[in-house]
Each structure stands twice: as structure tokens, then as C-alpha cells.
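K.L.:
Before I ask anything, let me first share the structure, which is written out below as C-alpha cells.
What follows draws every value from the coordinates through simple rules; no lab data is involved. Everything numeric here is computed off the predicted structure, so don't read it as measured data. Please note: Cβ atoms are built from the backbone with ideal geometry, for glycine as well, and neighbour counts cover all protein chains shown.
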Amino acid sequence: MVAGSNTPESAMRAIPVLAALSLALAACQSAGPPPAPSPEQAATGVTPNTFRLPTGAGCGGEVARFQAVMDNDLATGHTTKGVHTRVSAEIATARATCAAGNEGGAIGQIRATKAKFGYPV
């Protein structure tokens with residue numbers, strides 16, 4: 001037999017090579033990633049681009065920001081209603097401590113609540 005002849009054996013050896021080339025070329029023809037959804041179509045679990053943390057200094061600002069984070073986590077499905085209720089009760093205690101003029105105590109309560117529920121301190 002002459003090398004390169006059209007025998008059934010040479011045709012059988014070429015099939016896997018042709019299959020691999022076909023798959024490689026098919027991958028090159030992909031359309032790319034789909035376009036990003038509009039803000040109205042954003043997936044559940046994603047914070048809306050309109051979310052803003054409250055500003056403010058001292059314990060009042062700390063209390064307001066943590067409550068906003070908790071409300072956002074509930075709205076986006078990152079926490080349950082039960083956890084939100086428990087954390088909000090602890091935030092309310094810190095808010096009362098802050099209103100009573102004990103800034104250090106209120107900030108300490110917020111930090112303790114954050115650590116207890118796994119939020120960065």
C-alpha cells in the first residue's frame with residue numbers, strides 16, 4: 001500500500017480529527033455574552049443601583065447605615081424576615097442608647113450585633 005492512499009483505515013483515523021476540528025470551530029462561532037438586563041429587569045438578589053447608604057456621623061449614622069443594609073438584605077433575599085426582625089430589634093436598642101446620649105455604648109451595640117450576625121465590623 002502507498003502512504004496517503006484512500007483506504008478504510010486512513011478514513012477511520014481521520015474521523016476523530018475531523019470531529020475535534022468541528023467542535024473547535026463551533027466554539028469560535030458563539031455570539032458572546034448576552035447583554036446586561038435593564039435596571040427594571042435586574043435579578044432578585046441584586047442591590048438596585050439606586051441604593052444609597054445614609055450619611056451622618058456618630059452613633060446616629062452608624063445605626064441608620066446598618067438598618068439600611070439590613071433592609072436591603074431583606075429586600076434582595078440575602079436574609080430572612082426572622083433574622084431581619086431580630087437584628088432590627090437590636091438596632092432599635094442601639095438607637096435608644098444613642099438617643100440617650102451614650103454614643104460609645106450605641107456603637108458598641110451595633111458592632112456586637114454585626115459580629116453576632118456575620119456582618120463586617
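K.L.:
Starting from the Cα of Ala14, step 7 Å along the direction of its Cβ; do the same at Val121; then give the gap between the two resulting points in nm.
P.N.:
Going by the 7 Å Cα→Cβ label model, 7.2 nm.
K.L.:
Continuing with the same structure: Just want to confirm a number: the relative contact order over region 57-116, from Cα pairs under 8 angstrom separated by 6+ residues, in percent.
P.N.:
Details: 47 pairs, mean separation 24.9, N = 60.
This gives 41 percent for region 57-116.
K.L.:
Further question: Can you give me the distance in nm between label points at Asn102 and Ala57, each placed 7 Å from the Cα along the Cα-to-Cβ direction?
P.N.:
So the two model labels end up 2.3 nm from each other.
K.L.:
Just to verify a number: FRET efficiency for Arg111 and Asn49, C-beta to C-beta distance, R0 = 35 Å, to 0.05?
P.N.:
Computed FRET efficiency for Arg111 and Asn49: 0.75.
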